[in-house]
1. Placing one identical point scatterer on every Cα of the protein assembly as shown and ignoring solvent, what is log10 I(q)/I(0) from the Debye formula at q = 0.09, 0.12, 0.14, 0.18 Å⁻¹?
2. Once fully extended, how much extra length lies between residue A:57 and residue A:2, figured as 0.36 nm per residue of separation less the alpha-carbon to alpha-carbon distance?
3. Tell me, what HN-Hα J-couplings in whole Hz come from the Karplus equation 6.51 cos²θ - 1.76 cosθ + 1.60 at θ = phi - 60° for each residue of the range B:71-77, using x for Gly and Pro?
4. With charges only on Cβ, +1 for K and R and -1 for D and E, what is the dipole size of chain B about its Cα centre, in debye, rounded to 20?
5. So, in nm, how far is label residue B:17 from label residue A:17 when the simple model puts each one 7 Å beyond its Cα toward the Cβ?
6. Roughly how many percent of the accessible protein surface of the range A:10-72 is carbon and sulfur, given a 1.4 Å probe and a whole-percent answer?
7. Spin-label point model (7 Å from Cα, Cβ direction): what's the residue B:30 to residue B:71 distance in nm?
8. Report the label-to-label distance for residue B:80 and residue A:30 in nanometres (one decimal), using points 7 Å from each Cα along the Cα→Cβ vector.
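The values are calculated or read from the model by the stated rules, or taken from the named source; none is laboratory data. As the structure is a computational prediction, the values presented were derived from the model and not from experiment. All Cβ positions, glycine included, derive from the backbone under ideal geometry; neighbour counts span all protein chains shown. All accessible areas refer to the heavy atoms of the entire protein, side chains included, with ligands and DNA or RNA removed. Shrake-Rupley method; radii C 1.70, N 1.55, O 1.52, S 1.80 Å.
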Amino acid sequence: AQKVTQAQTEISVVEKEDVTLDCVYETRDTTYYLFWYKQPPSGELVFLIRRNSFDEQNEISGRYSWNFQKSTSSFNFTITASQVVDSAVYFCALKGPGNQFYFGTGTSLTVIP
Amino acid sequence: DAGVIQSPRHEVTEMGQEVTLRCKPISGHNSLFWYRQTMMRGLELLIYFNNNVPIDDSGMPEDRFSAKMPNASFSTLKIQPSEPRDSAVYFCASSLRREAFFGQGTRLTVV
């Protein structure tokens with residue numbers, strides 16, 4: 001079965017703090033993709049990053065970084081020096097060889113100025 | 001590319017009325033998804049199409065919901081008759097093998 005778990009429902013941090021959003025997935029497929037999406041208060045769902053199952057290299061993009069570990073079935077997302085504009089709901093998602101996406105329940109991040 | 005385009009952005013309708021939501025996927029994408037998002041249930045997949053063919057409609061809540069994709073550039077989600085519990089944000093997304101790109105959503109309110 002395919003499943004994505006985001007155990008953190010809500011997180012609040014003070015601006016400039018670092019924050020890590022956890023994502024744990026379950027799949028029996030050997031080939032799959034993992035994604036992170038951001039949903040700001042305006043409501044749209046914005047694609048942030050894709051990782052395939054054969055690429056465990058961590059990725060950094062500005063203040064954002066992603067840590068993919070197959071050994072623990074995790075794909076965690078860290079925001080360094082958080083800003084108010086980072087306040088949003090963040091979704092982790094999994095896609096196997098089929099075309100269906102499996103989304104977690106989301107983590108609501110509030111960055112307090 | 002303009003991205004996934006949904007219309008209308010907002011819809012307010014009375015219970016019992018028919019509602020049609022529209023979606024234009026990104027050109028060249030071969031998969032299209034309809035999602036519903038509510039506070040209580042989060043993001044739910046309603047149905048998805050591959051190459052205009054419905055593949056999995058197990059998420060469609062009941063017979064009042066129907067979706068079509070007559071060609072690669074257009075899809076509709078219809079609710080007939082609508083009920084207050086259908087109030088939600090409905091997202092359309094399209095994909096070509098990898099990530100999905102979402103439209104801005106249609107906020108539906110049934111009164």
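1. -0.38, -0.67, -0.89, -1.33
2. 17.5 nm
3. 3J(HN,Hα) across the range B:71-77, in whole Hz: 8, 5, 10, 7, 9, 10, 10.
4. Dipole magnitude for chain B comes out near 300 debye.
5. Label-label distance for residue B:17 and residue A:17, simple model: 4.6 nm.
6. The value for the range A:10-72 is 44 percent carbon and sulfur by accessible area.
7. Inter-label distance under the simple model: 2.0 nm.
8. Using points 7 Å along Cα→Cβ, the separation is 4.9 nm.
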